[in-house]
Amino acid sequence: MSKLTYRRRQSARPAPHSGEPTYGPLTPEELQLAVRNHSLPLEALRYDVTPPGLHYVLTHFDIPHIDTSAWHLRIGGAVERSLELGMGALIRDPAISVQVTLECAGNGRSLLKPRPLSQPWTLEGVGTAVWTGVPLAYLLAQVGVEPEAVEVVFTGVDEGIQGGVRHQYARSLPIAEAMRGDVVVAYKMNGSELPPQHGYPLRLVVPGWYGMASVKWLQSIQVVTAPFGGFQQPVAYRYQHNADDAGTPVTRIRVRSLMVPPGIPDFYTRRRHLARGPVMLHGRAWSGEGAVTAVEVGIDGKWAPAQLEKPAGAFAWLAWTFPWVADPGEHELVCRARDATGAVQPLEQHWNYQGMGNNVAHCIRVTVE
Ligand SMILES: Nc1nc2c(c(=O)[nH]1)N[C@H]1C(S)=C(S)[C@@H](COP(=O)(O)O)O[C@H]1N2
Ligand SMILES: [Mo]
C-alpha cells in the first residue's frame, strides 16, 4: 500500500475492516476469524481467574514465533536516555501482579443489525487473568520522559494488512494513563510465562481499557510529542455513526455482566434445560469506568438485586449470585449491572459503525421441566 493511498484512506475514513455492515448469514471470512479467535465458554465465568486456555483470544494478524535470545524491548523517543532490555534484565526489575478483566471492544458485534464485518463475537470476548511484570511507570522513570511528551506508543512484532494498510500492530496511551501505577509490562499470566497467543514473551496490560490497548508481543515503547497516527488509532477503534464520521476513540470498558447458563444445554441450539425447584444463579460483572455498584436479575421481566462479592482488584470482575425457584415452563433470565458513574447496561444493543463497546444486558432462555 503506497503512502498516497494510505493518506487518501485516512481522510475518507474507510471501513477499517471489510466493507459495509451487512445482514444475513455469517460470511466464510467471519467464520475463519471466529475459529482463530475464541471466546470464553460462559461456564468458565465460575473461575475467579480464568485458566489460560479458556481466556478469550483476539489476534489481528498471525501469532509471531519469537526467539527470546534474539529479542529485545526498545524504549526510546522523547526520553533522556534510550534503553534496550532483554528478558534477563526485565525479570530483575521490580515486579507487580495485577488481576485484570480484559474484554474485546468488539464484544457483541455479531448481534448487531446490520452487522459490521469483522471478528463476529457474541457476548463472550472476555476473561480475567493475573498479569505479572514490570510497572510501565518504572520503565518510563528509568528512561526519563521529556516534558513535551504527549503519548507513549507500543508496537508489537506482528505485522499484517488491515483496511488496505500494511502495519505492525501498534497503539498509544496518553502520558497520564501510561504513568498510572497499575499499567504493567507483563511476562507472566497466572504465574506462568505468557502463552504464545497471549503475547509471549512480553505484553502490555492496561487495566480498565478495552483489550486493544494491551499490546501483545511488545517490541518497542516510544515516547512521542504528537498524537500517534497509526492505523489502529485514528481509523480503527472509533465510535462512528458511519464510514465518513471521524468518531470518538474507544477507551475504557463499559459496565457489563454475564451469567453462567443454568442447567444443561442442547448441543446445537445451546438452549438451556433444567429441573424445577430452587437454583442458584451465578455470574460476573465488571466496568473499566468505576466500581460495579449493583447487578439486577430480571426473571420474565421482574427485576430484583443480586448479591455481590468483592472483586480481587479495581479492574477485575466480581462474582454475583441470585437465588431463583424455577417453576415449569419457558423463562427469560436477564442480568444487567450498574457502575459508580451511574451507567447501566442497556436492554438493547447500541449500534455503531464498527460495532464497538456494546454492553447489552445478557439474556438466557430456559425450559424448566
Ligand atoms: N500485538 C498485538 N496486540 C494485540 C492485538 C493484536 O492483534 N496484536 N489484539 C488486541 C486486541 S483487539 C485485544 S481484544 C487483546 C486480546 O488479548 P488476549 O488475546 O490476550 O485476550 O489484545 C490486543 N493486543
Ligand atoms: Mo479486541
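The values are calculated or read from the model by the stated rules, or taken from the named source; none is laboratory data. Just so it is clear, the model here is predicted, and its values are computed rather than measured. All Cβ positions, even for glycine, are placed from backbone atoms using ideal geometry, and neighbour counts span all protein chains on display. Side chains included, ligands, DNA and RNA excluded: accessible areas come from the protein's heavy atoms. Shrake-Rupley method; radii C 1.70, N 1.55, O 1.52, S 1.80 Å.
Restricting to the stretch 27-60, what's the tally of residues that are in a loop (DSSP other than H, G, I, E, B) and of a type in the set (D, E, K, R)?
1
Please specify each residue of the stretch 166-181 satisfying the condition of being in a strand (DSSP E or B) and either among the hydrophobic types (A, V, I, L, M, F, W, C) or modelled with pLDDT under 95 (or both).
Just the residues of the stretch 166-181 that are in a strand (DSSP E or B), to begin with: 166-174.
Within the stretch 166-181, Ala170, Leu173 qualify.
Name the single residue, out of those in the stretch 108-128 being in a loop (DSSP other than H, G, I, E, B) and among the charged types (D, E, K, R), that is farthest from ligand 1 (Cβ to nearest atom).
Lys113
Looking at Glu330, Glu309, Glu369, which one is modelled with pLDDT under 95 and open to solvent by 70 Å² or more (accessible area, probe 1.4 Å)?
Working: Glu330 fails: modelled with pLDDT under 95; Glu309 fails: modelled with pLDDT under 95.
Answer to the selection: Glu369.
Given the criterion closer than 30 Å to Val224 by Cα and either outside any strand (DSSP E or B) or in contact with a Leu (Cβ under 8 Å, 6 or more places away or on another chain) (or both), identify the matching residue among Val134, Val100. Write out each step before concluding.
Numbers: Val100 fails: either outside any strand (DSSP E or B) or in contact with a Leu (Cβ under 8 Å, 6 or more places away or on another chain) (or both).
Just one listed residue meets the conditions, Val134.
Is one or more of the residues making up the stretch 134-152 within 13 Å of ligand 1 (Cβ to nearest atom), buried (at least 17 other Cβ atoms within 10 Å of the Cβ) and over 24 Å from Pro195 (Cα atoms)? Steps first, please.
First pass over the stretch 134-152, keeping only residues within 13 Å of ligand 1 (Cβ to nearest atom): none.
No, the stretch 134-152 has no match at all.
Which of the residues spanning the stretch 52-86 are of a type in the set (S, T, N, Q) and over 23 Å from Tyr210 (Cβ atoms)?
Just the residues of the stretch 52-86 that are of a type in the set (S, T, N, Q), to begin with: 59, 68-69, 82.
Thr68, Ser69, Ser82 - these are the residues of the stretch 52-86 that are of a type in the set (S, T, N, Q) and over 23 Å from Tyr210 (Cβ atoms).
For the stretch 134-149, state whether one or more residues are free of Cβ contacts under 8 Å to residues at least 40 places away in the same chain and either more than 20 Å from the chain's Cα centre (by Cα) or within 16 Å of ligand 2 (Cβ to nearest atom) (or both).
The answer is yes, given that some residue of the stretch 134-149 is free of Cβ contacts under 8 Å to residues at least 40 places away in the same chain and either more than 20 Å from the chain's Cα centre (by Cα) or within 16 Å of ligand 2 (Cβ to nearest atom) (or both).
Do any residues in the stretch 55-69 that are open to solvent by 90 Å² or more (accessible area, probe 1.4 Å) and of a type outside the set (S, T, N, Q) have Cβ atoms under 9 Å from those of residues that are outside any loop (DSSP other than H, G, I, E, B) and more than 9 Å from ligand 1 (Cβ to nearest atom), where the two are at least six apart or on different chains, and which pairs are they?
Listed by first residue and then by second, the contacts come to Asp62/Glu159; His65/Pro196.
Which fully enclosed strands (runs of 3 or more DSSP E) of the stretch 232-310 have 2 or more residues being in the same structural domain as Leu45 (by TED's automatic domain parsing) and on the phi > 0 side of the Ramachandran plot? So that I can check it myself, show each step before the final result.
Numbers: elements: 256-259, 272-274, 277-286, 292-299, 302-305.
Answer list for the stretch 232-310: none.
Would you check which residues across the stretch 80-102 are in contact with a helix residue (DSSP H, G or I) (Cβ under 6 Å, 6 or more places away or on another chain) and crowded, with 19+ Cβ neighbours inside 10 Å and list them?
Leu102
Is it fair to say Pro21 is in the same structural domain as Glu146 (by TED's automatic domain parsing), within 12 Å of ligand 1 (Cβ to nearest atom) and at pLDDT below 95?
Working: in the same structural domain as Glu146 (by TED's automatic domain parsing): yes; within 12 Å of ligand 1 (Cβ to nearest atom): no; at pLDDT below 95: yes.
Criteria not met by Pro21.
Can you pull out the residues in the stretch 156-187 that are surrounded by fewer than 18 Cβ atoms within 10 Å (Cβ to Cβ) and not aliphatic (A, V, I, L, M)? Show your work before the answer.
Within the stretch 156-187, the first condition is being surrounded by fewer than 18 Cβ atoms within 10 Å (Cβ to Cβ), and the residues that meet it are 159-161, 164, 166, 174-176, 179-181.
Correct list: Glu159, Gly160, Gly164, Arg166, Pro174, Arg180, Gly181.
So if I check each of Ser214, Ser220, Ser257, which one is of a type outside the set (A, V, I, L, M, F, W, C) and farther than 21 Å from Trp121 by Cβ?
On the way: Ser214 fails: farther than 21 Å from Trp121 by Cβ; Ser257 fails: farther than 21 Å from Trp121 by Cβ.
Of Ser214, Ser220, Ser257, the one residue that is of a type outside the set (A, V, I, L, M, F, W, C) and farther than 21 Å from Trp121 by Cβ is Ser220.
In the stretch 73-97, what count of residues is obtained for those that are in a loop (DSSP other than H, G, I, E, B) and either within 16 Å of ligand 1 (Cβ to nearest atom) or farther than 22 Å from Lys188 by Cα (or both)?
Going through the stretch 73-97, the residues in a loop (DSSP other than H, G, I, E, B) turn out to be 78, 80-82, 86, 93-95.
With either within 16 Å of ligand 1 (Cβ to nearest atom) or farther than 22 Å from Lys188 by Cα (or both) added as a condition, the list becomes 78, 80-82.
So the answer is 4.
Yes/no matrix, rows are residues, columns are (1) among the aliphatic types (A, V, I, L, M); (2) within 16 Å of ligand 2 (Cβ to nearest atom); (3) over 14 Å from the mean Cα position of the chain (by Cα):
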| site | (1), (2), (3) |
| --- | --- |
| Arg180 | no, no, yes |
| Ala186 | yes, no, yes |
| Ser192 | no, no, yes |
| Pro201 | no, no, yes |
| Leu204 | yes, yes, no |
| Ala213 | yes, yes, no |
| Trp217 | no, yes, yes |
| Ile221 | yes, no, yes |
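Here are Gln349, Gln345: which of them is closer than 19 Å to Ala105 by Cβ, open to solvent by 30 Å² or more (accessible area, probe 1.4 Å), within 27 Å of the chain's Cα centre (by Cα) and outside the structural domain of Gln240 (by TED's automatic domain parsing)? Lay out the reasoning, then the answer.
Numbers: Gln345 fails: open to solvent by 30 Å² or more (accessible area, probe 1.4 Å).
Answer to the check: Gln349.
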